[in-house]
Every structure is written in C-alpha cells, then in structure tokens.
Amino acid sequence: MAKVLVAYASLTGNTEEIAELIVEGIRQAGGEAVLKSVTDCNADEINAYEGVLLGAYTWGDGELPDEFLDFYEEMDELDLTACKAAAFGSGDTGYEIYCGAVNQIEEKLRERGAEIVQESLKIEYGPNAAEKEACRSFGRQFIETCAAVS
Ligand SMILES: Cc1cc2nc3c(=O)[nH]c(=O)nc-3n(C[C@H](O)[C@H](O)[C@H](O)COP(=O)(O)O)c2cc1C
C-alpha cells in the first residue's frame, strides 16, 4: 500500500480543505495518507514516503506564503529521485499570477528529482461541489499511479 505525505500551507482554510479532500481520495483508493501543515514538519520527512503531495495558497504577487519558505529551502538538501509527487493549492484568478506558489512548488519538486506524476490541482478559493470531487479524484489518481508503477 502506498504511503503518501500531504503537506500544505493555508491561511484562511481553503488549501487545508483541498488537502483534506485529497486525503479522502487517497484513502478511498486504499492508500495511506499522513496530513500535515508544513509548519509542523521538516522537508526531510518526505524520504519516509513513496509519494508526496505539496500544497499552498499564493501570496503577494504570485509568491509562496512565508510559512512555506523554511520547508522550501530544506527541500534543497533532498534527493527525491525515488519519489512520486504533485502540487496543489488555492488562488484567485483576479491576480496576475494565478496559483504561482503551486508552480514554484512543482518546479522545486522537479529540480530535486521527484517524478511529477500528474498535473497540478489549482482551485479558486475553496472548492465547490464539483471541485470537491476533483480533489478526491486527484488523491485517488495519485495512489493508482503509485500502485501501477511500484
Ligand atoms: C495579499 C494577498 C495576495 C494574494 N496574491 C495572490 C496571487 O498572486 N495569486 C493568486 O492566485 N492568489 C493570490 N491571493 C489569493 C489567495 O491565494 C486565495 O485567497 C486563497 O484561496 C487563500 O487560500 P487559503 O485559504 O488556503 O489561505 C492573494 C491573497 C491575498 C490576501
């Protein structure tokens, strides 16, 4: 059974809700998920998992939130070549760089050698009913991919 870390940064709860729904999807597909705020974990914990899903809301002008920065810098020490990964997050299309933090996280995962197995999940504000199902599906799909290749 694939064991996945889902770590996120959320200020007003939207990204947290997305993360919780992704975890539901992982469990529906028979996977094991550990859900953590990035402020409660160190990036080297990723090495204990077969897969990692990292999420954040976007701040400033398309930037990572401050509370993600320590984790992001810690990732520079990691070799993630054995790790499957994808990124997710919440944003607002009214800003010039929609979900820029999600793009930065995906790029960092790629740079550290992780295999990006699915397109990132970007949700405007909190998920509506259809988007809730898309979040669960994102989790299910990730587990199915991990199972197919391991
Ligand atoms: C000061 C400020 C700057 C923001 N900048 C961006 C941005 O550049 N791009 C974007 O997509 N969303 C931006 N947002 C929107 C948030 O990412 C969005 O409200 C998100 O749903 C918050 O997620 P959370 O509930 O997980 O904290 C910004 C919000 C604030 C308050």
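The values are calculated or read from the model by the stated rules, or taken from the named source; none is laboratory data. Quick caveat: nothing in here was measured; it's all calculated off a predicted structure. Cβ placement follows ideal geometry from the backbone for every residue including glycine, while neighbour counts extend to all protein chains displayed.
Things to note:
- Qualifying residue in segment 108-120 (condition: modelled with pLDDT of 95 or more, in a strand (DSSP E or B) and exposed (fewer than 15 other Cβ atoms within 10 Å of the Cβ)): yes
- All positions within segment 1-59 that are in a loop (DSSP other than H, G, I, E, B) and closer than 28 Å to Y95 by Cβ: S10, L11, T12, G13, C41, Y57, T58
- Hits in segment 1-32 (condition: out of contact with any strand residue (DSSP E or B) (no Cβ under 7 Å at 6 or more places or on another chain) and away from the ligand (no atom under 16 Å from the Cβ)): E24, G25, Q28, A29, G30
- Among the residues of segment 121-141, those identified as hydrophobic (A, V, I, L, M, F, W, C) and either within 16 Å of the ligand (Cβ to nearest atom) or crowded, with 19+ Cβ neighbours inside 10 Å (or both) are L121, I123, A134, C135, F138.
- In segment 85-103, the residues that are more than 8 Å from the ligand (Cβ to nearest atom) and surrounded by fewer than 20 Cβ atoms within 10 Å (Cβ to Cβ): N103
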